[in-house]
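Working notes for the structure below.
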Amino acid sequence: MTAMARLAVANREQIDRIYAESHALWGGGLKPAEYREFWSELASTPWAERNVRYFVWLGDEGELLSSLKLYHPRIVIDGTAGRASIVGAVFTPRKHRRAGHARELISAVLDHSRDEGDVVALLFSDIGTRYYADFGFRSLPSTEVWGRLTGSPPGPGNWSSDEMRAEHLPDVRAAHEAWCARQPLAIERSAEHWQFLFVRTAGFFRRLGDRRLRHRATVVLEDGRFVGYLIAVEGHGEWSVREVGAVGGDPGKIEGVLRHGAAIARAEGLRKFYGWIEDPVIERMGGWTLRRTTRRRAQPMILGLDEKLDVEPLLAGGRVFFPYQDQF
Ligand SMILES: CC(C)(COP(=O)(O)OP(=O)(O)OC[C@H]1O[C@@H](n2cnc3c(N)ncnc32)[C@H](O)[C@@H]1OP(=O)(O)O)[C@@H](O)C(=O)NCCC(=O)NCCS
């Protein structure tokens, strides 16, 4: 145990050291330098500058014992807004593992978040749920959906789709906001938060440089008027939907946008479908052969930090849904 260990905000050199070691696990196909640049570009977006902190747990001689990223998005739970603490990228250098450093770091960070008045802590676990359950985190449902793109007809003849551009963003944001307003729990997105998400995905795929994979953001229009949006990764025969939204956050309209996008994807030769899709939309996808499984990675967990908040009612299946883009 490190009686004198302390919490600190990571400096540049410490961050680089963590990336050098975590690249093997989280590099996602990027080269080490690209991986570092990717995170550095993201860290300098206005949203990240304000809402993301890289914390380290330091031993009494300054040695780096463990690390994590803490994200602070706005969250609305049953109509009440507040700040969330989302724990990501928990990483202990190999030589310091299994000595309780991550446990101490996480506890210290959660105390800090509680002191700052954050309403909940969230995380998306890649290592199962048992470790985080010890801190009081509870599991939220997490499914993913697989299927085949069959020859479903496109939307009505007056529907079209177009590449998402800056001029569409107010409509996209409004659709997402309306969707949030229907949820028992939702991570809200300011314009800066949206920019952070675009930089994250575009920055990753640009650096990956794989011509067989394409990140695509589109809007669906009815007689030229905005109906909804789709954010997807296409390639290797698969249409992987990362987010779908529609005017008013309405599941019926979202269904239409999804079907329209699927028809286009299929016409372009894609045959497989993958996505995190909320239950009210899945239930409408008659004619699609979908297989729903429990996720093994990015399993969401929640911990109430404000004693007045009861998270219990949020835990039931099908209540809380995080779009893929909300994972940190
Ligand atoms: C997970 C990690 C941060 C734990 O750091 P640590 O300082 O060793 O953590 P602690 O000493 O507090 O706890 C160790 C416990 O973590 C849990 N744990 C570690 N890796 C795990 C894994 N892959 N799956 C499930 N549990 C795991 C185990 O309960 C372990 O105890 P055990 O080895 O006796 O079974 C570290 O193993 C790591 O950096 N792994 C690679 C990055 C990663 O997977 N991060 C988690 C992302 S959600």
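Listed residues Leu123, Leu110, Leu105; which is farther than 30 Å from Ala263 by Cα, in a helix (DSSP H, G or I) and in contact with a Gly (Cβ under 9 Å, 6 or more places away or on another chain)? Steps first, please.
Numbers: Leu123 fails: in a helix (DSSP H, G or I); Leu105 fails: in contact with a Gly (Cβ under 9 Å, 6 or more places away or on another chain).
Result of the check over Leu123, Leu110, Leu105: Leu110.
Looking at this structure, is Ser85 under 16 Å from Phe135 (Cα atoms) and in contact (Cβ under 8 Å) with a residue 60 or more places away in the chain?
On the way: under 16 Å from Phe135 (Cα atoms): yes; in contact (Cβ under 8 Å) with a residue 60 or more places away in the chain: yes.
The answer is yes for Ser85.
Among the residues of segment 218-274, which ones are part of a helix (DSSP H, G or I), crowded, with 19+ Cβ neighbours inside 10 Å and in contact with a Leu (Cβ under 7 Å, 6 or more places away or on another chain)?
Listed by number, the residues that qualify are Val257, Gly261, Ala262, Ala265.
Looking only at residues in segment 9-39 that are part of a helix (DSSP H, G or I) and among the basic types (Lys, Arg), which one is surrounded by the fewest Cβ atoms within 10 Å (Cβ to Cβ)?
The first filter runs over segment 9-39 and keeps only residues part of a helix (DSSP H, G or I), leaving 12-26, 32-39.
Checking which are among the basic types (Lys, Arg) leaves us with 12, 17, 36.
On the way: Arg12: 9, Arg17: 16, Arg36: 18.
For segment 9-39, the residue satisfying everything is Arg12.
Among the candidates Ala89, Ala84, which residue alone is crowded, with 21+ Cβ neighbours inside 10 Å, within 29 Å of Leu314 (Cα to Cα) and hydrophobic (A, V, I, L, M, F, W, C)? Outline the logic, then answer.
On the way: Ala89 fails: crowded, with 21+ Cβ neighbours inside 10 Å.
Selected residue: Ala84, the only one of Ala89, Ala84 that is crowded, with 21+ Cβ neighbours inside 10 Å, within 29 Å of Leu314 (Cα to Cα) and hydrophobic (A, V, I, L, M, F, W, C).
For Ala246, are the conditions met, namely being over 22 Å from Ala265 (Cα atoms), modelled with pLDDT of 95 or more, in contact with a strand residue (DSSP E or B) (Cβ under 7 Å, 6 or more places away or on another chain) and among the small types (Gly, Ala, Ser)? Working first, answer last.
Working: over 22 Å from Ala265 (Cα atoms): no; modelled with pLDDT of 95 or more: yes; in contact with a strand residue (DSSP E or B) (Cβ under 7 Å, 6 or more places away or on another chain): yes; among the small types (Gly, Ala, Ser): yes.
Criteria not met by Ala246.
Quick check on segment 56-78. Is at least one of its residues small (Gly, Ala, Ser) and within 30 Å of Arg211 (Cα to Cα)?
Checked segment 56-78: no residue is small (Gly, Ala, Ser) and within 30 Å of Arg211 (Cα to Cα).
Return the residue satisfying two criteria in turn: it lies in segment 153-167 and is of a type in the set (A, V, I, L, M, F, W, C) and open to solvent by 40 Å² or more (accessible area, probe 1.4 Å), and of such residues it is farthest from the chain's Cα centre (by Cα). Can you show your working first?
Taking segment 153-167 and keeping what is of a type in the set (A, V, I, L, M, F, W, C), we get 159, 164, 166.
Then keep just the ones that are open to solvent by 40 Å² or more (accessible area, probe 1.4 Å); that gives 159, 166.
Details: Trp159: 29, Ala166: 22 Å.
Out of the qualifying residues, it is Trp159.
Suppose we keep only residues that are charged (D, E, K, R) and under 16 Å from the mean Cα position of the chain (by Cα) within segment 111-152. Which one would you say is most open to solvent (accessible area, probe 1.4 Å)?
We begin by selecting, within segment 111-152, every residue charged (D, E, K, R); these are 111, 114-116, 118, 126, 130, 134, 138, 144, 148.
Subset that is under 16 Å from the mean Cα position of the chain (by Cα): 126, 144.
On the way: Asp126: 84, Glu144: 27 Å².
Selected residue: Asp126.
Restricting segment 89-134 to residues that are touching a residue at least 60 places away in the same chain (Cβ under 8 Å) and more than 23 Å from Asp326 (Cα to Cα), which is farthest from the ligand (Cβ to nearest atom)?
The extreme case among them is Ala108.
Of (1) within 23 Å of Ile277 (Cα to Cα); (2) of a type in the set (A, V, I, L, M); (3) out of contact with any Leu (no Cβ under 9 Å at 6 or more places or on another chain); (4) open to solvent by 20 Å² or more (accessible area, probe 1.4 Å), Ala186 satisfies all except one. Which?
Of everything listed in (1) within 23 Å of Ile277 (Cα to Cα); (2) of a type in the set (A, V, I, L, M); (3) out of contact with any Leu (no Cβ under 9 Å at 6 or more places or on another chain); (4) open to solvent by 20 Å² or more (accessible area, probe 1.4 Å), Ala186 misses just condition (4).
Could you list, in sequence order, all residues of segment 51-87 that are within 17 Å of Ala20 (Cα to Cα) and within 14 Å of the ligand (Cβ to nearest atom)?
Phe55, Val56, Glu63, Leu64, Leu65, Ser66, Ser67, Leu68, Lys69
For (1) modelled with pLDDT of 95 or more; (2) small (Gly, Ala, Ser), each residue gets a yes or a no:
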position	(1), (2)
Ala186	yes, yes
Glu192	yes, no
Leu197	yes, no
Phe204	yes, no
Arg211	no, no
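Starting from residues that are of a type in the set (Gly, Ala, Ser) and modelled with pLDDT under 95, keep the ones in segment 135-159 and report whichever is nearest to the ligand (Cβ to nearest atom).
Start the filter on segment 135-159 by keeping residues that are of a type in the set (Gly, Ala, Ser), which leaves 136, 139, 142, 147, 151-152, 155, 157.
Then keep just the ones that are modelled with pLDDT under 95; that gives 142, 151-152, 155, 157.
Numbers: Ser142: 13, Gly151: 40, Ser152: 36, Gly155: 39, Gly157: 47 Å.
This residue is Ser142.
The values are calculated or read from the model by the stated rules, or taken from the named source; none is laboratory data. The structure displayed is predicted, hence computed values, not measured ones. So basically every Cβ, Gly included, is an ideal-geometry build from the backbone, and we count neighbours across all protein chains shown. Accessible surface areas use protein heavy atoms only, side chains included; no ligands, DNA or RNA. Shrake-Rupley method; radii C 1.70, N 1.55, O 1.52, S 1.80 Å.
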